[in-house]
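Report on one structure; see the data block that follows.
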Amino acid sequence: MNTLALGPSWLDPDHLIQTFGLIGVLVIVFAESGLLIGFFLPGDSLLFTTGLLVTTNKLDTPLWMVCTLVVAAAVLGDQVGYLFGRKVGPSLFKRPDSKLFKQENIEKAHAFFEKHGPKSLILARFVPIVRTFTPIIAGVSRMNYRSFIIFNLIGGMLWGAGVTLLGASLGNVDFVHKHIELILVGIVLISVIPVAIEFLRARSHAKKNPSHSDHDAPGTPNPPGGSRGRHAKR
């Protein structure tokens, strides 16, 4: 199966799976779910392609096992992100930008977590970049650990198994095989829609309330401790 390169060849889902197999898929899912360096990895298209390859017998692993392992990798990734956030704490907001770390990504995830609360762990699974940083922000905010585990499991199953099963269910559809490049591009575009909507809403809000926008500028986010009244363990 030849797929359209959506970026560097080493980020192409088919190339990654053919090169590293299921182990590579699990490592990428784990990294994208909670490691700071994993935000750029192609999680959605990778899982869709994995399911498609399983159902077409190009990946010799039972679908149920693939889904189970993917969910486990996703849940463990978020777990590591949460523990990292608890250990690092507010100092994460003071970390300088680098090639692999941008302060604005942390700020977006923090705003997302503040807006949606614990359920952000489920919603963020379907939003690239945000899904990497949200469990870290949950740890920084010291979200109740039991609640974190519950929402982490639900989000991991809905995203990990859901996207993989979607690829598997469409794997035998001729249209999908003939237009796999367009399907993958569509998945990427759909996955960034929430980010685009939030960006446009933020710009609109800034234009309507310039003074308020300056007060809550991205460069000076409210400290995570300010939200502990709602999300922290009591």
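Enumerate the pairs (first residue in region 41-62 and closer than 19 Å to PHE126 by Cβ; second residue anywhere and assigned to a loop (DSSP other than H, G, I, E, B) and open to solvent by less than 10 Å² (accessible area, probe 1.4 Å)) with beta-carbon separation below 9 Å, excluding pairs fewer than 6 apart on the same chain, so at least 6 apart or on different chains.
Correct list of pairs: GLY51/GLY171; LEU52/GLY171.
Identify the residue in region 102-122 that is closer than 20 Å to PHE30 by Cβ and modelled with pLDDT of 80 or more and, among all such residues, is most open to solvent (accessible area, probe 1.4 Å).
Per the stated criteria, the residue is ILE122.
Would you mind stating whether PHE151 is open to solvent by 40 Å² or more (accessible area, probe 1.4 Å), in contact (Cβ under 8 Å) with a residue 12 or more places away in the chain and of a type outside the set (Lys, Arg)?
Numbers: open to solvent by 40 Å² or more (accessible area, probe 1.4 Å): yes; in contact (Cβ under 8 Å) with a residue 12 or more places away in the chain: yes; of a type outside the set (Lys, Arg): yes.
Yes; evaluated as a whole, the condition is true for this residue.
Can you name the residue in region 11-62 that is modelled with pLDDT of 80 or more and assigned to a loop (DSSP other than H, G, I, E, B) and is also nearest to the chain's Cα centre (by Cα) among such residues?
Here the residue is LEU35.
Can ALA74 be described as part of a helix (DSSP H, G or I), open to solvent by less than 10 Å² (accessible area, probe 1.4 Å) and out of contact with any Asp or Glu (no Cβ under 7 Å at 6 or more places or on another chain)? Talk me through it step by step, then tell me what you get.
Numbers: part of a helix (DSSP H, G or I): yes; open to solvent by less than 10 Å² (accessible area, probe 1.4 Å): yes; out of contact with any Asp or Glu (no Cβ under 7 Å at 6 or more places or on another chain): yes.
When the stated conditions are applied, ALA74 passes them.
Kindly evaluate PHE199 against the criterion of being at pLDDT below 70 and among the aromatic types (Phe, Trp, Tyr).
Details: at pLDDT below 70: yes; among the aromatic types (Phe, Trp, Tyr): yes.
Spelling it out, PHE199 is indeed at pLDDT below 70 and among the aromatic types (Phe, Trp, Tyr).
Across region 42-58, what is the number of residues that are open to solvent by 10 Å² or more (accessible area, probe 1.4 Å) and aromatic (Phe, Trp, Tyr)?
The initial filter retains those residues of region 42-58 that are open to solvent by 10 Å² or more (accessible area, probe 1.4 Å), namely 42, 44, 54-58.
So of that shortlist, the ones also aromatic (Phe, Trp, Tyr) come out as none.
Within region 42-58, residues that are open to solvent by 10 Å² or more (accessible area, probe 1.4 Å) and aromatic (Phe, Trp, Tyr) number 0.
Condition (residue is assigned to a helix (DSSP H, G or I), farther than 27 Å from LYS115 by Cβ, open to solvent by 20 Å² or more (accessible area, probe 1.4 Å) and touching a helix residue (DSSP H, G or I) at 6+ places or on another chain (Cβ under 8 Å)) applied to region 154-171: is it met by at least one residue? Even if it seems obvious, please write down each step before you answer.
Going through region 154-171, the residues assigned to a helix (DSSP H, G or I) turn out to be 154-169.
Narrowing the set further to residues that are farther than 27 Å from LYS115 by Cβ leaves 164-165, 167-169.
Keeping just the survivors that are open to solvent by 20 Å² or more (accessible area, probe 1.4 Å) gives 165, 169.
In the following step, the residues that additionally are touching a helix residue (DSSP H, G or I) at 6+ places or on another chain (Cβ under 8 Å) were identified as 165, 169.
The answer is yes, given that some residue of region 154-171 is assigned to a helix (DSSP H, G or I), farther than 27 Å from LYS115 by Cβ, open to solvent by 20 Å² or more (accessible area, probe 1.4 Å) and touching a helix residue (DSSP H, G or I) at 6+ places or on another chain (Cβ under 8 Å).
The values are calculated or read from the model by the stated rules, or taken from the named source; none is laboratory data. Remember, predicted model here, so these are calculated numbers, not experimental data. A quick note on method: Cβ atoms are made from the backbone with ideal geometry, for glycine too, and the neighbour counts reach across all protein chains shown. What goes into the accessible areas is simple: the full protein's heavy atoms, side chains included, and nothing from ligands, DNA or RNA. Shrake-Rupley method; radii C 1.70, N 1.55, O 1.52, S 1.80 Å.
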